[in-house]
Amino acid sequence: MSRQLFLQAIQRRNTTGPVVFGAGTSVICHDIMQRAGASFPEGHTDAEAMFKLALAGHTLAGLDVVMPLFSVCHEASAMGCRVNWGGPDMMPESGPPIFRAASEITIPADLLTRSGCAVPLRALAMLRKELGDEAAVCGKVFGGWTQAYHYFGLEDFLIKTITEPDEVKRILEKLLPVTIRFARAQLDAGADCLLLADHATRDLCSPRAYETFLLDLHAQLVEAIPAPLILHICGNTVDRIGLIARTGVACFHWDTKTGAPEAIRKLAGDRMALMGGISNMRLLQGTPDEVAAMARAAVDGGIDVIGPECAIPLATPLANLQAIASIGRERRTA
Ligand SMILES: [Zn+2]
């Protein structure tokens, strides 16, 4: 039931159907680590631990989807970045840049069998086998914009977007196959859909830069990847939701800094599904009643999949996460 409902919801195929819950970003917190019997950093580097933690998104948090790639570092690790996988209190970070120019970018022939990719691919297959039709399995890939932060350094890359726009286009084009190959491998492993995360957030990428560098590339990914894509961009995206709708992505996973659900629905139009509605601040510091109220407001505002706006804080109380799906399925009326 969950699997079918989730896949319909991210494609806006049943807008009058039951309420659907989930997120394409990490829902792992300390309470889940304790209850699932697995922890970070193993949840990033060991397929069994990753499987156990991801499964808890459905079994403990009551979401209709599971997603096992909790960090931003899997492609970066497989591409050759030195990754610090962190710990129970710290999310992974990638080390120093590895390239200086587009001409230096080489994609390893064994990209998909390197542990950065191979571990999540194994975990996705385990989740698919375990869950069958019970819940949707979502994979995750990063677009070239976010990958370039790891490979070139955040600041150096952003400077290039102003001083060397043609070079940036070459970089993003050369990185496109990393996203496509990892995406297709995740689908082969059993993922139903994919979160495409690209951190083209307002403070790091103007709407003009989004249009110049990313709109076409995101549209190319929609064409090249044979499954529904959920685009995730953190922060306030009010000035680019219209552009995002033009890429053809099935669903947009938005941040509550962007505005109220009704306003986001209006900007997105009728075709693109929307995911999110629950602020991280409320999840971390609010009460279950406050989270439930936010979930109801998201349903009433026309959000298709109700869930956290981004990777949840590690200290999030499980009761707050559980409060999202506690509002029940039968509320959607219009
Ligand atoms: Zn985010």
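For this structure, a couple of remarks:
- When PHE152 is tested against (1) more than 18 Å from SER103 (Cβ to Cβ); (2) open to solvent by less than 10 Å² (accessible area, probe 1.4 Å), only condition (1) is not met.
- Candidates are the residues of region 285-328 that are under 23 Å from the mean Cα position of the chain (by Cα) and among the charged types (D, E, K, R); the one that is nearest to the ligand (Cβ to nearest atom) is GLU309.
- Note on region 67-107: residues that are touching a Ser or Thr at 6+ places or on another chain (Cβ under 6 Å) and small (Gly, Ala, Ser) amount to 1.
- Residue list for region 39-66, filter: part of a loop (DSSP other than H, G, I, E, B) and open to solvent by less than 10 Å² (accessible area, probe 1.4 Å): PHE40, ALA61, LEU63, ASP64
- Residue match in region 198-209 (condition: open to solvent by less than 10 Å² (accessible area, probe 1.4 Å), within 13 Å of the ligand (Cβ to nearest atom) and under 25 Å from SER26 (Cβ atoms)): yes
- Residues in region 227-255 that are open to solvent by 10 Å² or more (accessible area, probe 1.4 Å), within 28 Å of ALA185 (Cβ to Cβ) and within 15 Å of the ligand (Cβ to nearest atom): CYS234 alone.
- Only one of the numbered conditions (1) within 18 Å of GLY116 (Cβ to Cβ); (2) surrounded by fewer than 24 Cβ atoms within 10 Å (Cβ to Cβ); (3) not β-branched (Val, Ile, Thr) is not met by GLU75, and that is (2).
- Considering residues of region 279-334 that are in contact with a Pro (Cβ under 9 Å, 6 or more places away or on another chain) and among the acidic types (Asp, Glu) only, the residue farthest from HIS232 (Cα to Cα): GLU330
- Among the residues listed as MET275, MET281, the single one being open to solvent by less than 10 Å² (accessible area, probe 1.4 Å), within 16 Å of the ligand (Cβ to nearest atom) and modelled with pLDDT of 95 or more: MET275
- Among the residues of this structure, PRO177 counts as one that is over 15 Å from the mean Cα position of the chain (by Cα) and either within 21 Å of HIS253 (Cβ to Cβ) or in contact (Cβ under 8 Å) with a residue 60 or more places away in the chain (or both).
- For region 306-334, filtered to residues that are over 18 Å from ILE28 (Cβ atoms) and surrounded by 19 or more Cβ atoms within 10 Å (Cβ to Cβ), the residue that is modelled with the lowest pLDDT is ILE327.
The values are calculated or read from the model by the stated rules, or taken from the named source; none is laboratory data. The structure displayed is predicted, hence computed values, not measured ones. Note: ideal-geometry Cβ built from the backbone for every residue, glycine included; neighbour counts use all protein chains shown. Note: accessible area is taken over every heavy atom of the protein model, side chains too, but ligands, DNA and RNA are not part of it. Shrake-Rupley method; radii C 1.70, N 1.55, O 1.52, S 1.80 Å.
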